[in-house]
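Here is the structure we will look at.
The values are calculated or read from the model by the stated rules, or taken from the named source; none is laboratory data. These numbers were taken from a predicted model, which means no experiment stands behind them. Cβ sites come from the backbone with ideal geometry, for glycine too, and all protein chains shown count toward neighbours.
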């Protein structure tokens, strides 16, 4: 090996190390800052602050969706707490609707309790003039609780994903066998419109909690041009991650098909 | 408003600014480092270096997929150059197969030319002992070029996504109408297995080029537990992004359903 090759390899190894050390330094620094900011925000239960942050965004997601994680150790209480927080922030930020995905479906099991906790928290969190109620909706069962005019929160789980697409396929087959449907009428737009009604329309922004960057079985059909933000932190979803997701969306240049 | 409230607000505003300035500083610093590293790597056309990097990974994706961007300004030549690069890196890193997604499908139009350029480049890039040929495969037409034993590169586009799911639904309906298929036999596993044959199996890692964090119409069914890495840079895909995607995957703790 020539001297030049050795020298260039040495430079590359050196650059490698600079990047690795720099990365570690960044991670630690960001963790400390997030922790300070997270603590400061959780101490300050003030919806005005969220409103002020949101007003600085160039554009806001109308329809936000979050993937929350259920673990045996933290239990369903932690999941409810996460949901209540993100509902409060979304209303304060002026978003139009929220869809909460939790893989196992445990969050949908006691909607009455969730609704009660939500409305209680909203009363103490929001100032009287902005206070609103929540309409909880579970697409899989079609059940909804709360006033029609309330802020719409849809609760979905893994069964709303591939299983729902397969169920739709089955009903198309049945209808086709009974001559109620012509095969040629089945199009991407038609499936789109059915799945929007059966589950939810495609969100504008999807915030994914959890250490890994994957979609945990989220309804796949609904993710064509949706901006995705991975927090890469295990639950709970903190306000800083919520805000960073919105800031990313606000800077994203979505042009495809919209 | 009390003094305490004012003070806490002032602290929050200060923290905000620290985070924003810090973020900007990081972005600039990372851009400079990426540029230096990118230049150094592109000067060094050495597959040994890629092999050495890959050998340090705790685990490697067997099946890598990348989303590449076609723009009128850079043209199809830039797209081919991107593809050739990522094929070389994947082979050198010892991955098993590669799936290249480009939304419009322009990459699949001249497979013979692509195959020729690929094999030429591989001969000069790889050392003789590791040199291999490439088998190009276009799932939508079923066409393949190159030896059966070659490194498998599948070329897909938006038509392999929702459209293929709808086509599959149509054929199920036809079969069901002719009593060749019982509706009850249609399951998630069955659709999974058909789509794996019609398009590609789910990749282990998906690297997405482009400034925005969304999926550009990528086949949605294939993304249940696939690790996703957004480069958040417009094309071309550089080696640093390829490596960072692999490092992220190597650290990801995929447990769900595997």
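Table for the structure above
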read-out: Of the criteria (1) within 14 Å of chain B (Cβ to nearest Cβ); (2) in contact (Cβ under 8 Å) with a residue 40 or more places away in the chain, which one residue A:139 fails; value: (1)
read-out: Options B:86, B:66; residue that is more than 14 Å from chain A (Cβ to nearest Cβ), within 28 Å of residue A:16 (Cα to Cα) and not in a helix (DSSP H, G or I); value: B:66
read-out: Strands (runs of 3 or more DSSP E) contained entirely in the range A:97-149, each with at least 2 residues that are within 21 Å of residue A:209 (Cβ to Cβ) and touching a strand residue (DSSP E or B) at 6+ places or on another chain (Cβ under 6 Å); value: A:97-102, A:134-138
read-out: For residue B:242: the one exception among (1) in contact (Cβ under 8 Å) with a residue 60 or more places away in the chain; (2) facing chain A (nearest Cβ under 9 Å); (3) in a helix (DSSP H, G or I); value: (2)
read-out: Residue that is nearest to the other protein chains (Cβ to nearest Cβ) [pool: residues in the range B:154-173 that are assigned to a helix (DSSP H, G or I) and touching a residue at least 40 places away in the same chain (Cβ under 8 Å)]; value: B:162
read-out: Condition check for residue A:236: touching a helix residue (DSSP H, G or I) at 6+ places or on another chain (Cβ under 7 Å), in a loop (DSSP other than H, G, I, E, B), surrounded by fewer than 20 Cβ atoms within 10 Å (Cβ to Cβ) and more than 9 Å from chain B (Cβ to nearest Cβ); value: yes
read-out: The range A:182-196 - residue that is more than 9 Å from chain B (Cβ to nearest Cβ) and closer than 16 Å to residue B:172 by Cβ and, of those, surrounded by the most Cβ atoms within 10 Å (Cβ to Cβ); value: A:194
read-out: Pairs where the first residue, in the range A:102-127, is over 18 Å from residue A:161 (Cβ atoms) and the second is at pLDDT 90 or above and assigned to a loop (DSSP other than H, G, I, E, B), C-beta under 9 Å, 6+ apart; value: A:115/A:146; A:118/A:146; A:119/A:146
read-out: The range B:23-32, subset more than 19 Å from residue A:32 (Cβ to Cβ) and away from every other protein chain (no Cβ under 11 Å), residue modelled with the lowest pLDDT; value: B:31
read-out: Hits in the range A:197-218 - residues which are closer than 16 Å to residue A:231 by Cβ and surrounded by fewer than 17 Cβ atoms within 10 Å (Cβ to Cβ); value: A:211
read-out: Boolean, residue B:212 is part of a loop (DSSP other than H, G, I, E, B) and within 27 Å of residue A:249 (Cα to Cα); value: yes
read-out: Hits in the range A:215-233 - residues which are part of a loop (DSSP other than H, G, I, E, B) and at the interface with chain B (Cβ under 7 Å from one of its Cβ atoms); value: A:215, A:216, A:217, A:223, A:224, A:225, A:226
read-out: Matching residues, the range B:174-201, being assigned to a loop (DSSP other than H, G, I, E, B) and in contact (Cβ under 8 Å) with a residue 12 or more places away in the chain; value: B:186, B:199, B:200, B:201
read-out: Conditions (1) buried (at least 16 other Cβ atoms within 10 Å of the Cβ); (2) more than 8 Å from every other protein chain (Cβ to nearest Cβ): number failed by residue B:176; value: (2)
read-out: Flag for residue B:35 being under 27 Å from residue A:53 (Cα atoms), within 23 Å of the chain's Cα centre (by Cα), at pLDDT below 75 and surrounded by 12 or more Cβ atoms within 10 Å (Cβ to Cβ); value: no
read-out: Selection status of residue B:169, buried (at least 22 other Cβ atoms within 10 Å of the Cβ) and modelled with pLDDT of 90 or more; value: yes
read-out: Pair list, Cβ < 7 Å and 6+ apart or interchain, from the range B:1-22 residues that are closer than 17 Å to residue A:33 by Cβ and within 11 Å of chain A (Cβ to nearest Cβ) to residues that are surrounded by 10 or more Cβ atoms within 10 Å (Cβ to Cβ) and modelled with pLDDT of 75 or more; value: B:12/A:49
